[in-house]
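Participant: This is the structure I have questions about; it appears just below.
The values are calculated or read from the model by the stated rules, or taken from the named source; none is laboratory data. Source: prediction; values computed, not measured. Every residue, glycine as well, gets a Cβ built from its backbone with ideal geometry; the counts of neighbours run over all protein chains shown.
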């Protein structure tokens, strides 16, 4: 689906498409809303913690990773659902792997946060 746009016009359209994707995800995905709220709270906490800039960047990167993995999971689910609404082992496999991406990112978040918080206290 090429539009032939280039330069600033292409970038502006890409930005609008990204905003559309964000709004659609917030509207339709409860898990994304919950993780977005979690990340907002943890982002505020990050700036209150007496840690180095590098540690703050690590903490913030875990937040982005969770949101990114949830977006990938949501995209996988949308594609699988678009292909067919019938139960199929490969559809289940794809959705389960997408879910695992989110789980791993959450485990990574906990490991990093606990490690840095324990260093403070």
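Participant: Do you know which residues across segment 77-95 are loosely packed, with under 11 Cβ neighbours inside 10 Å and either modelled with pLDDT of 95 or more or closer than 28 Å to residue 43 by Cα (or both)?
Facilitator: Scanning segment 77-95 gives 82, 89, 90.
Participant: Got a number for residues in segment 27-48 being farther than 18 Å from residue 66 by Cβ and surrounded by 15 or more Cβ atoms within 10 Å (Cβ to Cβ)?
Facilitator: Qualifying residue count, segment 27-48: 0.
Participant: What number of residues within segment 80-116 satisfy the criterion of being free of Cβ contacts under 8 Å to residues at least 12 places away in the same chain and assigned to a helix (DSSP H, G or I)?
Facilitator: Number of matching residues: 16.
Participant: Quick one: what pairs do we get from segment 14-29, first residue within 13 Å of residue 75 (Cβ to Cβ), second loosely packed, with under 13 Cβ neighbours inside 10 Å, C-beta under 6 Å, 6+ apart or different chains?
Facilitator: Between residues of segment 14-29 that are within 13 Å of residue 75 (Cβ to Cβ) and residues that are loosely packed, with under 13 Cβ neighbours inside 10 Å, there is no close pair.
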